[in-house]
1. What's the number of the condition residue 277 fails, among (1) at pLDDT 90 or above; (2) open to solvent by less than 20 Å² (accessible area, probe 1.4 Å)?
2. Inspect segment 40-49 for any residue being within 20 Å of residue 137 (Cα to Cα) and hydroxyl-bearing (Ser, Thr, Tyr) and give the result as yes or no.
3. Looking at (1) open to solvent by less than 30 Å² (accessible area, probe 1.4 Å); (2) over 18 Å from the mean Cα position of the chain (by Cα), which is the one condition that is false for residue 226?
4. When you go through (1) in a helix (DSSP H, G or I); (2) open to solvent by less than 60 Å² (accessible area, probe 1.4 Å) one by one for residue 298, which number turns out not to apply?
5. Working only within segment 147-176, note down all residues that are at pLDDT below 95, β-branched (Val, Ile, Thr) and in a loop (DSSP other than H, G, I, E, B).
6. Before we move on, is residue 145 farther than 11 Å from residue 177 by Cβ, in contact with an Asp or Glu (Cβ under 6 Å, 6 or more places away or on another chain) and crowded, with 17+ Cβ neighbours inside 10 Å?
7. In segment 183-206, which residues are among the aliphatic types (A, V, I, L, M) and surrounded by 24 or more Cβ atoms within 10 Å (Cβ to Cβ)?
8. Quick one: in segment 237-267, of everything that is free of Cβ contacts under 8 Å to residues at least 40 places away in the same chain and over 17 Å from the mean Cα position of the chain (by Cα), which residue is surrounded by the most Cβ atoms within 10 Å (Cβ to Cβ)?
Amino acid sequence: MQTTMQSLYKFQTADHIIAGANSIGSLGEQLHLLGTKIQSALIITQPTIKDLGFVDEITNQLSTKGIKADINTNILPEPTIENIEEVFQSTSIENYDVLIGMGGGSVLDATKILSVLRTNDKSVRELLGTDLVENPGIPTILIPTTSGTGSEVTPNAIVTLPDEELKVGIVSKHLLPKIVILDPVLTLGLPKPITAATGMDAFTHSLESFISNKANLISDMVALESIRLISASIVEAYQNGQSIEAREKMLVGSMYGGMALTGAGTAAVHALAYPLGGKFHIPHGVANSMLLPHVMEFNMDA
């Protein structure tokens with residue numbers, strides 16, 4: 001049976017993507033891309049990232065531009081609605097001209113949500129779903145430190161609902177960042193388990209996007225390139241975490257995976273992985289890995 005592509009499809013992603021080893025050092029030079037004057041910034045990150053000194057690189061650059069920077073490290077690894085709203089209430093986000101998210105997918109997702117909470121008179125729960133964010137948020141700069149979620153280039157953000165044992169998404173074009181910085185140097189210290197789990201998350205994004213019934217010529221292009229990059233580098237990145245070449249391929253492959261799922265969506269692996277994570281607190285990439293061979297076997301006849 002011959003299949004046909006969708007007659008109408010679209011592609012959206014971050015406004016500007018800056019990539020390459022040590023690209024974090026160019027952040028100050030890229031601020032003009034925001035198109036607005038910046039006087040103050042809030043950096044949202046994780047304690048481990050702060051301790052590694054990566055945040056100092058950002059604050060130093062902002063300081064030379066005369067920009068005041070504050071740091072918040074209170075986002076949980078799998079942020080709940082309550083966690084995000086507590087951070088929102090405690091940080092006076094209205095005082096900042098830009099939000100800089102630096103970390104894994106949880107930090108990037110939380111940064112995106114915090115940016116639109118400031119400009120939309122709604123709670124996080126009221127934003128759950130698709131296209132329920134009415135107004136653009138505070139400009140964001142997203143800097144991933146793992147190679148997995150692709151959150152830096154998607155209009156999606158995931159929150160955990162502990163009482164309902166679920167993970168639920170917010171989807172809106174207003175979640176897309178103004179600037180993305182992909183610096184593989186920031187991923188050199190990733191532990192092996194995180195390298196494996198996040199890498200398989202990214203791989204699953206691309207594989208499911210490629211076989212999705214929403215797949216199209218644009219999403220297929222980035223999905224296949226993501227699969228090629230990740231399958232060629234994930235073992236090397238796991239075994240030799242200091243390989244900048246492998247880390248860069250994983251980071252770009254993860255980004256392509258985010259672009260692919262933005263265009264075509266994911267499928268049964270992710271649908272099953274979210275309740276696994278919500279109920280049993282299994283890391284998302286691990287849940288995807290557990291389910292992927294079984295779902296693929298089920299789908300094989302199609």
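1. (1)
2. Looking for residues that are within 20 Å of residue 137 (Cα to Cα) and hydroxyl-bearing (Ser, Thr, Tyr), one finds at least one in segment 40-49, hence yes.
3. (2)
4. (2)
5. Selection gives 149 alone.
6. Spelling it out, it is not the case that residue 145 is farther than 11 Å from residue 177 by Cβ, in contact with an Asp or Glu (Cβ under 6 Å, 6 or more places away or on another chain) and crowded, with 17+ Cβ neighbours inside 10 Å.
7. Passing the criteria: 186, 202.
8. For segment 237-267, the residue satisfying everything is 246.
The values are calculated or read from the model by the stated rules, or taken from the named source; none is laboratory data. Keep in mind it's a predicted model, so treat the numbers as computed, not measured. For neighbour counting, all protein chains shown are included, and Cβ atoms are generated from backbone atoms with ideal geometry for every residue, glycine included. Ligands, DNA and RNA are stripped out before the accessible areas are found, and what is left, the full protein with its side chains, is counted by its heavy atoms. Shrake-Rupley method; radii C 1.70, N 1.55, O 1.52, S 1.80 Å.
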